[in-house]
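J.: Below: one structure in structure tokens.
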């Protein structure tokens, strides 16, 4: 048996991974924009969120940490106090996990206020790049 990784041959984004008979690795790339590499001997958890494939060398590369930073992890829930997330890559999608809303970031930063108490979970996905891990922040609003 062999392990394999199927990736987008333009971006390097990992589409799927798995195990198959040795002689069936090459047929795991089904679509014309897919390529496959044999990953036998590589033990990876969360491969799609942690790695991408360099499309030139077909080498597995660990993603960089999300570059954004947050100035505080607590906020007063009065609608006036703010928290700023900066250095967000443009075209990132912000998922407000506590309210199931999403926003596209186009200017590299986010200023957040709230009147609700509780925990606010922010998740950022960089849409136009496979080299970054998702960014996750937890904020306590009191």
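Read the figures in this text as sums done on the coordinates, not as results from a lab. Predicted model only: the values in this text are computed from it and were never measured. Note: ideal-geometry Cβ built from the backbone for every residue, glycine included; neighbour counts use all protein chains shown.
J.: Which one is right for this structure if Cα extents along the principal axes in Å is calculated from it: (1) 69, 32, 20; (2) 50, 32, 25; (3) 62, 26, 21?
T.: Label (3) holds the value from this structure.
J.: Here is a further query. Residue separation times 0.36 nm, minus the C-alpha to C-alpha distance between residue 48 and residue 128: what's the value?
T.: Gain on extension, residue 48 to residue 128, equals 27.3 nm.
J.: Calculate, for residue 121 and residue 16, the FRET efficiency according to 1/(1 + (r/R0)^6) with r their C-beta to C-beta distance and R0 25 Å; round to the nearest 0.05.
T.: So, using R0 = 25 Å, E works out to roughly 0.40.
J.: Moving on to the next point. Using only alpha carbon pairs under 8 Å that are at least six residues apart, calculate the relative contact order of the stretch 69-141 and give it in whole percent.
T.: Here the relative contact order equals 35 percent.
J.: A further question follows. Order by neighbour count: 134, 115, fewest other Cβ atoms within 10 Å first, most last.
T.: 115, 134
J.: For 15, 5, 45, 61, what's the fewest-to-most ordering of other Cβ within 10 Å of each Cβ?
T.: 45, 61, 15, 5
J.: Right, another one. Rank the residues 86, 99 as a footprinting-exposure proxy: fewest other Cβ atoms within 10 Å of their Cβ go first.
T.: 99, 86
J.: Next question, about the same structure. Between rounded, prolate and oblate, where does the stretch 2-62 land on the alpha carbon gyration tensor, with a ≥ b ≥ c its root eigenvalues, rounded for a/c under 1.5, else prolate if a/b exceeds b/c?
T.: The shape class here is oblate.
J.: Expressed in nm to one decimal, what extension gain is obtained for the pair residue 24 and residue 136 from 0.36 nm per residue of sequence separation less their Cα-Cα distance?
T.: Once the chain is fully extended between residue 24 and residue 136, it gains 36.6 nm.
J.: Classify the stretch 69-141 as rounded, prolate or oblate, taking a ≥ b ≥ c as the square roots of the eigenvalues of its Cα gyration tensor: rounded when a/c is under 1.5, otherwise prolate if a/b is larger than b/c and oblate if not.
T.: Prolate is the answer for the stretch 69-141, as a/c is 1.5 or above and a/b outweighs b/c.
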